[in-house]
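Take a look at the structure set out below.
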Amino acid sequence: MAITIFGVIGAGQMGGGIAQVAAASGLEVLMSDINEDCTAKGLASIEKNLVRSVEKGQMETDQAREILGRIRTTTDIGEMARADYVVEAAVEMEDLKFNIFRQLDEVCPDHAILASNTSSIPIGRIASQTDRPDKVIGMHFMNPVPIMKLVEVIRGLTTSQETFDLTWQLCEQFGKTPAEANDYPGFIANRILMPMINEAVFCLYQGVGKADDIDTVMKLGMNHPMGPLALADLIGLDTCLAIMETLHDGFKDSKYRPCPLLRKYVEAGWLGRKSGKGFYEY
């Protein structure tokens with residue numbers, strides 16, 4: 001199946017990044033969000049990324065202009081009726097994603113593949129909201145999308161081989177390296193990463209070390225490019241909490257219990273970089 005129009009639901013950090021790499025690969029992109037403020041912010045962020053790439057000598061001005069010109073925005077999810085492939089990149093809330101997939105199933109053409117950028121919610125559960133479960137798949141990009149090479153491709157129980165193969169090829173067309181994960185809560189990336197972040201929060205909570213010291217140990221002792229607490233701030237503490245809750249609910253194992261301090265910060269609105277305060281101040 002040839003993909004001519006690529007849809008993205010969500011114009012935030014992840015959705016905007018996905019739209020950018022899709023447009024850079026030559027596809028026409030339709031990026032949707034709930035209001036024009038959100039789509040305008042998303043487009044402005046993409047433009048800022050492209051200007052930065054031009055300034056660094058990574059692309060020419062004309063190339064950046066062409067990429068931006070391939071992206072259209074809308075606040076009407078009904079316009080996804082024109083899309084051949086749609087990636088949902090909304091916040092990590094199960095009910096919200098279910099609602100989006102029900103709407104996409106109604107408006108998208110029968111041949112369209114519906115992918116989710118979910119980082120933890122089982123794909124089979126999402127697919128069951130549609131009448132095309134064979135055409136539903138997980139396509140989990142890493143943040144920041146234009147820079148990070150990995151895409152976790154999650155095959156649900158009902159996902160067809162054709163859907164999987166097309167998604168794999170699309171990742172390669174985007175210049176990414178796909179890795180296959182089976183459909184368990186958290187998949188591979190967050191089943192490993194989030195408990196590590198959660199344990200770092202426990203270390204802070206129990207006074208084992210200060211935030212700087214915890215991150216320094218992981219950066220210099222384990223050669224991580226970023227400490228787990230700084231990474232949590234980048235991801236968003238609300239997203240980290242949501243993923244830990246999905247793991248805890250899915251496996252019913254106490255080792256995935258979210259740290260009380262993580263929950264306390266989220267309840268206080270300390271969400272990390274996006275709110276200006278998390279484990280660090282920005």
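We did not get these values from a lab; they are worked out from the coordinates using the rules stated. Worth saying up front: this structure is predicted, and the values here are computed from it rather than measured. Glycine gets a Cβ as well: all are built from the backbone with ideal geometry, and neighbour counts include every protein chain shown.
General observations
- Overall, the chain carries a charge dipole of about 720 debye about its Cα centre when +1 sits on the Cβ of Lys and Arg and -1 on the Cβ of Asp and Glu, all other atoms neutral.
- Share of pairwise Cα separations in the chain, more than 28 Å, in percent: 37 percent
- The GNM of the chain, with springs linking C-alpha atoms under 10 angstrom apart, assigns the highest mean-square fluctuation among T75, T39, T61 to T61.
- Cα-based shape type of the range 1-71, given that a ≥ b ≥ c are square roots of the gyration tensor eigenvalues and the cut on a/c is 1.5: oblate
- Gap separating the Cα centres of the range 106-183 and the range 46-97, nearest whole Å: 17 Å
- Highest average packing first - 237-245, 181-189, Cβ atoms within 10 Å: 237-245, 181-189
- Note on D213 and K264: with the Förster distance fixed at 30 Å, the Cβ-Cβ geometry gives a FRET efficiency of about 0.90.
- Calculated from backbone phi, Karplus (6.51, -1.76, 1.60) coupling profile of the range 13-29 in Hz, x at Gly/Pro: 4, 6, x, x, x, 5, 4, 5, 5, 5, 5, 5, 7, x, 7, 7, 10
- Among beta bridges that DSSP assigns inside the chain, antiparallel share in %, nearest 5: 20 percent
- Distance distribution P(r), the range 67-125, all Cα-Cα pairs, bin width 10 angstrom from 0: 20, 53, 25, 2 percent.
- Remark: the Cα gyration tensor places the range 106-250 in the prolate category, a/c being 1.5 or greater and a/b exceeding b/c.
- Helix axis angle, 36-55 relative to the chain longest principal axis, alpha carbon, degrees: 80 degrees
- Average projection, convex hull of the Cα set of the range 193-267: 4.7 square nanometres.
- GNM result for the chain, Cα springs below 10 Å: residue of Q169, Q58, Q161 fluctuating most strongly: Q58
- Entries of K219/K252; K176/K252; K41/K176; K97/K264 with Cα pairs more than 28 Å apart: K219/K252; K176/K252
- Residue order, fewest to most surrounding Cβ atoms within 10 angstrom, among D62, D212: D62, D212
- Length, then width, then depth: along the principal axes, the Cα atoms of the range 1-153 run 46, 32, 27 Å.
- A full extension of the chain between D95 and D37 corresponds to an added length of 18.6 nm, given 0.36 nm per residue minus the alpha carbon distance.
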